[in-house]
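The values are calculated or read from the model by the stated rules, or taken from the named source; none is laboratory data. Given the structure is predicted, the values throughout are model-derived calculations rather than measurements. When we count neighbours, we look across all protein chains shown, and the Cβ atoms used for this are built from the backbone with ideal geometry, even at glycine.
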Amino acid sequence: MSSDLTALPPSGALLGVDLGSKTIGIATSDVRRQIASPLLTVRRTKFRADAAALLAEARRHASVGIVIGMPLNMDGSEGPRAQATRAFARNLAALTELPIAFWDERLSTAAVTRTLIAADASRKRRAALVDKLAAAYILQGALDRLRRG
């Protein structure tokens, strides 16, 4: 497990994860790593069930690595949410051979929410979409960075 994207294989689909306290947003990339697409939102229960759902999606989409959004504070420091994300990733790493990397997710949910508001999505519709769209936003940022080198 690495905070660095270089831990990921050079090609193949990646799974993007927005790890919230109540839900997990999941997205995938195409094998050429051009575009991230939102997949689904999983309601969190217990770690084993959450990890099983995430790894099932990784298998379903033939993912070669996982990018998890790291919820840094605005000053770049790590708070309790970042520590919880690292703990989740450590526990997940024990269950899979897939490499796991982190990507700064600051403002991802806010950006997605603004876009949905601009699209006149209702509050209920925004709630249903925001986590998986945030996962796609996080993954797209990582894909763009990987392409730039």
- prompt: Does Leu72 satisfy the criteria of being touching a strand residue (DSSP E or B) at 6+ places or on another chain (Cβ under 8 Å) and either farther than 14 Å from Ile138 by Cα or in a helix (DSSP H, G or I) (or both)?
  reply: no
message: Looking only at the range 76-110, filter to residues that are farther than 21 Å from Thr41 by Cα and touching a Leu at 6+ places or on another chain (Cβ under 7 Å); which one of those is surrounded by the fewest Cβ atoms within 10 Å (Cβ to Cβ)?
response: Glu78
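Please go through the range 106-144 and give me each residue that is touching a Phe, Trp or Tyr at 6+ places or on another chain (Cβ under 8 Å) and either farther than 16 Å from Ile26 by Cβ or assigned to a loop (DSSP other than H, G, I, E, B) (or both), ordered by number.
The first filter runs over the range 106-144 and keeps only residues touching a Phe, Trp or Tyr at 6+ places or on another chain (Cβ under 8 Å), leaving 108, 111-112, 138-139, 141-142.
Hit for the range 106-144 is Ala111, nothing else.
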query: Just wondering, is there one or more residues in the range 111-122 that are closer than 24 Å to Ala13 by Cα, out of contact with any helix residue (DSSP H, G or I) (no Cβ under 8 Å at 6 or more places or on another chain) and either surrounded by 21 or more Cβ atoms within 10 Å (Cβ to Cβ) or modelled with pLDDT of 95 or more (or both)?
result: no
Count of residues meeting criterion [touching a residue at least 24 places away in the same chain (Cβ under 8 Å) and part of a loop (DSSP other than H, G, I, E, B)] in the range 1-20: 9
- line: Those residues of the range 1-40 which are under 20 Å from Val112 (Cβ atoms), surrounded by fewer than 22 Cβ atoms within 10 Å (Cβ to Cβ) and of a type in the set (Ser, Thr, Tyr) amount to Ser21, Thr23, Ser37
- line: Going through the range 85-105 in order, the residues found to be touching a residue at least 12 places away in the same chain (Cβ under 8 Å), aliphatic (A, V, I, L, M) and either outside any helix (DSSP H, G or I) or closer than 17 Å to Asp18 by Cβ (or both) are Ala89, Leu92, Leu95, Leu98, Ile100, Ala101
